2 protein chains.
Amino acid sequence: MSEAARGSETRARIQAVAVELFTEQGYDKTSLREIAERLDVTKAALYYHFKSKEDIVASLVEDYVGQFDDLIAWATGQPRTAQTRAEIMRRYVTIVTEGHEVFRMLHQNQAAAQSMAGGKGRRTELFKERLRTLTGLLAEPDASLAERLRAAIVLGGISVAWMSFEDQVPDQDELVTAIIETGVELTRHPVATS
Amino acid sequence: MSEAARGSETRARIQAVAVELFTEQGYDKTSLREIAERLDVTKAALYYHFKSKEDIVASLVEDYVGQFDDLIAWATGQPRTAQTRAEIMRRYVTIVTEGHEVFRMLHQNQAAAQSMAGGKGRRTELFKERLRTLTGLLAEPDASLAERLRAAIVLGGISVAWMSFEDQVPDQDELVTAIIETGVELTRHPVATS
DNA sequence: GTCTATAGACGGATAGAC
DNA sequence: GTCTATCCGTCTATAGAC
């Protein structure tokens, strides 16, 4: 909510339509004319709220990766216990599943999203970098390769699993709970690597 | 290799450059002019080998998803044993890691890739569909939700983990082996869901 | 099999009225 | 805050010579 509630309410409508169309058709195949038509306004109106097409995506990206940064910041200040790891997992799953429209949009437009989001210089590699950091918080960097791999696989797989099952189950809340449970279970440090 | 070795050798060079540029900059931001320049030929020359820009991607997609289809076809004819599951994992990891240039390119251009690949009608949902099928082969559809989730998370997470670690370790073969091991381990059916 | 030249279309962005 | 009108750039794709 930090940046989202800025300016008029039209701004939010533009963002919503943009997410929808960018997801369906891709960033480049969606023209500003199309977005404007869907909102019954003109292209020029969009330029009052956003200074460019890229700026629309940038506003979305900023809000979204901010959530991960918040999670990382929080987690960094916590003791490295099993309970902390479980809580990281819980929050991570919540971000992925609740913001899934934006997440899916970014997922489908990685190439486009990476060109921006950071102005000019920043080669942020949006998720890769943050995923590595989170991996390091679930399994210490000096842990065995197998252990770090497990953490990376689980974090990366959660979003895929969500997208894969989301429309296959009757109760999505139940699915979220199950994903958290499975995620926590898979990142425990049990089995001796035979 | 089924379709790859078609026509002149220039065709393959075009494909190689296309993968590279599509990955770096995205499908839409890469023009045929750019590809042609890199090969020291002209745009028109490309049109001798491919009937359109989309056709270049289509040729790539076809070859790549074919590998997954082959895996699925093979796995479907096997007995559902632990060894079969391990072998599925092994082959899956091999496809993901060996074809990682193409994989990464498709990953970065999902939106573009989904519009094509199947001519006009087919809404193949390239990976989602196939991932579901593979999930069903690792954990029977009547297995518990937790068990199916585990399979989906692991399959989905493998590619993420690969991309995350690929440039972080000295020996990539070792990494592949470790991923296979971890994948097999995570999809075993051990822990009683507390 | 590769070239030059160009058609034809569409997109992002701005100026300026209201 | 939204509109009309328009500029300017770039791109895909084709025609036709060599």
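The values are calculated or read from the model by the stated rules, or taken from the named source; none is laboratory data. Note that this is a predicted model, so its numbers are computed, not measured. Glycine gets a Cβ as well: all are built from the backbone with ideal geometry, and neighbour counts include every protein chain shown.
Per-structure values
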item	result
Qualifying helices (runs of 4 or more DSSP H) (wholly inside the stretch A:108-187; at least 1 residues being within 28 Å of residue A:78 (Cα to Cα))	A:126-138, A:145-165, A:172-186
When residues of the stretch B:29-83 are limited to those that are under 30 Å from residue B:180 (Cβ atoms) and within 14 Å of chain A (Cβ to nearest Cβ), the one nearest to DNA strand C (Cβ to nearest atom)	B:57
Filtered residues of the stretch B:15-37 (kept if within 13 Å of DNA strand D (Cβ to nearest atom), part of a helix (DSSP H, G or I) and crowded, with 16+ Cβ neighbours inside 10 Å)	B:18, B:21, B:22, B:25, B:32, B:35, B:36
Test: residue A:72 is hydrophobic (A, V, I, L, M, F, W, C) and within 16 Å of DNA strand D (Cβ to nearest atom)	no
Per-region count, the stretch A:123-181, residues among the basic types (Lys, Arg) and either at the interface with chain B (Cβ under 7 Å from one of its Cβ atoms) or in contact with a Leu (Cβ under 6 Å, 6 or more places away or on another chain) (or both)	3
Unmet requirement for residue B:47, which otherwise passes all of (1) at pLDDT 95 or above; (2) surrounded by fewer than 19 Cβ atoms within 10 Å (Cβ to Cβ); (3) away from DNA strand D (no atom under 13 Å from the Cβ)	(3)
Selection within the stretch B:47-63 - out of contact with any helix residue (DSSP H, G or I) (no Cβ under 7 Å at 6 or more places or on another chain) and in a helix (DSSP H, G or I)	B:47, B:48, B:54, B:55, B:58, B:62, B:63
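So that you can scan it fast, the table gives a plain yes or no per residue for (1) closer than 19 Å to residue B:84 by Cα; (2) modelled with pLDDT of 95 or more; (3) under 17 Å from the mean Cα position of the chain (by Cα):
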| site | (1), (2), (3) |
| --- | --- |
| B:140 | yes, no, no |
| B:158 | yes, yes, yes |
| B:166 | no, no, yes |
| B:182 | yes, yes, no |
